[in-house]
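Worksheet for the structure shown next.
The values are calculated or read from the model by the stated rules, or taken from the named source; none is laboratory data. Remember, predicted model here, so these are calculated numbers, not experimental data. Glycine gets a Cβ as well: all are built from the backbone with ideal geometry, and neighbour counts include every protein chain shown. The protein model used for the area step is the full one, side chains on, heavy atoms only, and it has no ligands, DNA or RNA in it. Shrake-Rupley method; radii C 1.70, N 1.55, O 1.52, S 1.80 Å.
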Amino acid sequence: MVSQTTAPPTTPAVTDAASAPLLPVYGPGELAALAARHGLTVSGARPTLGAYVRQLWGRRHFITAFATAKLTAQYSQAKLGQIWQIMTPLLNATVYYFIFGILMNTKKNVEDFVPFLVTGVFIWTFTASSITAGTRAISGNLGLVRALHFPRASLPVALALQQLQQLLFSLGALVLILIGFGQFPRPSWLLAIPALLLQAVFNTGLSMVVARLAARTPDIAQLTPFILRTWMYASGVMWSIDKLLKGDRVPHLVKVALECNPAAIFIDLMRFALIDSFSGAQLPPHVWAVATGWALVCGVGGFVYFWKAEELYGRG
């Protein structure tokens, strides 16, 4: 009988927890210092305002290219293509001329009614389109926002730039209409340049405001057309605010509100620059100062308002 020696069972190694190396424990302040020492930053954190401006300036080529691409693709599916950039405001002006000029006969109180109306429609469309585009700046580009790291203000700024490019493209038609109705180029036409620049800053600021609002509350995009339609009727696009305010028919507060209405101010500045019969007496008091004030308040205020929610865009 052969005896077999059985190996003693292997006893599992016991690890003494007390002898194991301990991981260092850091407090919040020490963790922040450790991250800073190794060049780590919080993911998606909002940069300082100065750094944000520098980042935005660094993306200026992207902003320009994005705006141009959007403008080119806007009517790419239509057979008339880019002609719709001119046709849309012209058709709107035609409808307003029929309703307000002929049916309501408002043209009898306005000299050079067709240049007056067409100028108002083109300039108002610039503001309305910038605001409408702003409501889709974040919600319409969520894939881009979530995939890439870049200053989100690039999107509303690019869309506002797109609307400026579209307006400049359409001004050729406006000039032809003005000449066709006896409004020939004169030195005052140069005033259109600062007026458009101030309006562009104002529109960009508003675009950033509605971009932030619509990013968190998508219903803003559905409400915007009703607000814009009401604002248009109060801006003297197809009727003369100056004629309405003569006399004591309008309460003082309403008169001040209409005179300080930014959309009406930018429209009147362009009419003053381009139409001979629209004189300085028809402009509100201190019109250039008010226009500059609106541009600064909305441009700077809208930019800061948008920047304060930088880390929230694309989340949720």
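Condition (residue is part of a loop (DSSP other than H, G, I, E, B) and touching a Pro at 6+ places or on another chain (Cβ under 9 Å)) applied to region 277-284: is it met by at least one residue? Looking for residues that are part of a loop (DSSP other than H, G, I, E, B) and touching a Pro at 6+ places or on another chain (Cβ under 9 Å), one finds at least one in region 277-284, hence yes.
Summed over region 257-286, residues that are surrounded by fewer than 18 Cβ atoms within 10 Å (Cβ to Cβ), under 21 Å from Glu111 (Cα atoms) and hydrophobic (A, V, I, L, M, F, W, C) total 1. Of all residues in region 87-103, those that are within 18 Å of Leu168 (Cα to Cα) have Cβ atoms under 7 Å from Cβ atoms of residues that are among the small types (Gly, Ala, Ser), 6 or more apart or on another chain, in Pro89/Ser170; Leu90/Ala173. Of everything in region 124-153 that is buried (at least 23 other Cβ atoms within 10 Å of the Cβ) and of a type in the set (S, T, N, Q), the residue that is farthest from Ala221 (Cα to Cα) is Thr127. State whether the residues of region 174-181 include one that is in a loop (DSSP other than H, G, I, E, B), open to solvent by 10 Å² or more (accessible area, probe 1.4 Å) and either modelled with pLDDT under 95 or among the aromatic types (Phe, Trp, Tyr) (or both). For region 174-181, residues in a loop (DSSP other than H, G, I, E, B), open to solvent by 10 Å² or more (accessible area, probe 1.4 Å) and either modelled with pLDDT under 95 or among the aromatic types (Phe, Trp, Tyr) (or both): present.
Here His286 passes the criteria (1) modelled with pLDDT of 95 or more; (2) at positive phi except the one numbered (1). Considering only residues in region 243-263 that are under 29 Å from the mean Cα position of the chain (by Cα) and among the charged types (D, E, K, R), the one that is farthest from Gly280 (Cα to Cα) turns out to be Lys255.
Residues checked against (1) modelled with pLDDT under 95; (2) more than 21 Å from Val201 (Cβ to Cβ); (3) under 15 Å from the mean Cα position of the chain (by Cα); (4) of a type outside the set (Gly, Ala, Ser):
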site	(1), (2), (3), (4)
Thr125	yes, no, yes, yes
Ile138	yes, no, yes, yes
His149	yes, yes, no, yes
Arg152	yes, no, yes, yes
Val157	no, no, yes, yes
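Residue-wise test of (1) among the small types (Gly, Ala, Ser); (2) farther than 24 Å from Arg152 by Cβ; (3) in contact with a helix residue (DSSP H, G or I) (Cβ under 7 Å, 6 or more places away or on another chain); (4) modelled with pLDDT under 90.
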{"residue": "Leu223", "(1), (2), (3), (4)": "no, no, no, no"}
{"residue": "Ser235", "(1), (2), (3), (4)": "yes, yes, yes, no"}
{"residue": "Lys243", "(1), (2), (3), (4)": "no, yes, yes, yes"}
{"residue": "Pro251", "(1), (2), (3), (4)": "no, yes, no, yes"}
{"residue": "Leu258", "(1), (2), (3), (4)": "no, yes, yes, yes"}
{"residue": "Asn261", "(1), (2), (3), (4)": "no, yes, no, no"}
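Taking every residue in region 235-249 that is open to solvent by 10 Å² or more (accessible area, probe 1.4 Å) and pairing it with any residue that is not charged (D, E, K, R), at least 6 positions away or on another chain, the pairs with Cβ-Cβ distances below 6 Å are Trp239/Thr106; Ser240/Val110; Ile241/Leu258; Ile241/Ala264; Asp242/Gln282; Lys243/Asn109. Among the residues making up region 255-288, those that are among the aliphatic types (A, V, I, L, M) and in contact with a Leu (Cβ under 9 Å, 6 or more places away or on another chain) are Leu258, Ala264, Ile265, Leu269, Met270, Ala273, Leu274, Ile275, Leu283, Val287. Could you please let me know if Ser235 is of a type in the set (Ser, Thr, Tyr) and not in a helix (DSSP H, G or I)? It is true that Ser235 is of a type in the set (Ser, Thr, Tyr) and not in a helix (DSSP H, G or I).
In region 140-160, the residues that are under 18 Å from Ala45 (Cβ atoms) and touching a residue at least 12 places away in the same chain (Cβ under 8 Å) form Cβ pairs under 6 Å with partners that are open to solvent by less than 40 Å² (accessible area, probe 1.4 Å) and not in a helix (DSSP H, G or I), at six or more places apart or across chains, as follows: Val145/Tyr313; Val145/Gly314; Arg146/Gly314; Arg152/Tyr313. The set of residues in region 250-294 being among the β-branched types (Val, Ile, Thr) and either in contact (Cβ under 8 Å) with a residue 40 or more places away in the chain or closer than 17 Å to Ala192 by Cα (or both) consists of Ile265, Ile267, Ile275, Val287, Val290, Thr292. Of the residues making up region 207-234, those that are open to solvent by 90 Å² or more (accessible area, probe 1.4 Å) and of a type in the set (S, T, N, Q) are Gln222, Thr230. Against the numbered list (1) within 21 Å of Val121 (Cβ to Cβ); (2) of a type outside the set (Gly, Ala, Ser); (3) touching a Phe, Trp or Tyr at 6+ places or on another chain (Cβ under 6 Å), Cys298 comes up short only at (1). Does Ala291 satisfy the criteria of being part of a helix (DSSP H, G or I) and exposed (fewer than 14 other Cβ atoms within 10 Å of the Cβ)? Judged against the criteria, Ala291 is not a match.
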